[in-house]
Amino acid sequence: MSLEIIIMGLLVGFLIGLTGVGGAALLTPILIIAGINPSIAVGTDLVYNSITKFFGTMQHWRQKTINFKLVKYLAIGSIPSAAAAIGLLNFFNHSYLNQDQIIKNALGYVLILVAISIIIRVFFDKKLRPNRLQLMPIEQKKTLTIIIGVLLGFIVGLTSIGSGSLFAVAMLYLYQLKGSELVGTDIAHAFLLVTVAGSLYLGVGNIDYPILMNLLTGSIPGVMIGSTLSAKVPTKPLRTVVALVIFISGIKLL
């Protein structure tokens, strides 16, 4: 099992490094299909994401490609909302013993949303013209930004998925950011969100440490190899394939 998990981490890390998409959206359903309890899969994935996003955040901090004001407003909404989702899950688990079924159903729908969001980024990222909302200063969109954080943060707390892809699409449509700033802001906010959510899952014991270590053992070299090859390989068709795999995984979990 350990070798299989390491290889899984290697492949997922390779795809993340190569295409920049699909981390949690690939990993969580794979863990569940491999027989891991859904709540354990979500908790383990959140902690895994926290560790990997930390290194990405540090790199973007050094490059000064993080919009901290946007990160702050998103986090004001997303972190309490993710905590509320996790609290709600625990309530249902204690009262109705159906936590895992809720997670699986939610995962299915969110994976389909994530697949659509990846396709949007692949085909429309560079074709979007600045709209009225994009041109407004962030201060004027403070309430809207917090609401987006609340809605998407709840999804992340419930499923571990969307901290990158769903927030990235929201930023793409609503804020005028350079490509590198969009990525840096997305990763920095995702780090804060998944770290808090992962800590809450950690508090209720929904983390599998051996799986976590095996995933990291495979994914760290996988990300490095994928990142090295990303400049030499056309990523657009690969991102489309990843989106299709995620979409099919979502259908399977429903």
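The values are calculated or read from the model by the stated rules, or taken from the named source; none is laboratory data. Please read these numbers as outputs of a predicted model, since none were measured by experiment. FYI the Cβ positions are ideal-geometry reconstructions off the backbone, even for glycines, and counts take in every protein chain you see.
The residues of region 24-64 that are closer than 25 Å to Val12 by Cα and outside any helix (DSSP H, G or I), listed by number, are Ala34, Gly35, Ile36, Asn37. For region 80-100, filtering for residues that are of a type in the set (S, T, N, Q), modelled with pLDDT of 80 or more and within 21 Å of the chain's Cα centre (by Cα) leaves 1.
Counting only helices (runs of 4 or more DSSP H) wholly contained in region 109-188, the ones carrying 3 or more residues that are at pLDDT 80 or above occupy 142-159, 165-174.
State which residue is surrounded by the fewest Cβ atoms within 10 Å (Cβ to Cβ) when the search covers only region 190-209 and only residues that are more than 23 Å from Thr57 (Cα to Cα) and of a type in the set (Gly, Ala, Ser). The selected residue is Gly205.
Ile207 meets each of the listed conditions (1) assigned to a helix (DSSP H, G or I); (2) at pLDDT 85 or above apart from (1). The residue that is nearest to the chain's Cα centre (by Cα), counting only those in region 137-184 that are under 19 Å from Gly43 (Cβ atoms) and among the β-branched types (Val, Ile, Thr), is Ile161.
Annotation: Met213 fulfils all but one of (1) farther than 17 Å from Val122 by Cα; (2) in a helix (DSSP H, G or I); (3) in contact (Cβ under 8 Å) with a residue 40 or more places away in the chain; the unmet one is (3). Restricted to region 36-62, and to residues there that are farther than 18 Å from Leu111 by Cβ and of a type in the set (Gly, Ala, Ser), the residue that is surrounded by the most Cβ atoms within 10 Å (Cβ to Cβ) is Ser50.
In region 66-79, is there at least one residue being in contact with a His (Cβ under 9 Å, 6 or more places away or on another chain), of a type in the set (Ser, Thr, Tyr) and buried (at least 16 other Cβ atoms within 10 Å of the Cβ)? Yes, region 66-79 contains at least one residue that is in contact with a His (Cβ under 9 Å, 6 or more places away or on another chain), of a type in the set (Ser, Thr, Tyr) and buried (at least 16 other Cβ atoms within 10 Å of the Cβ).
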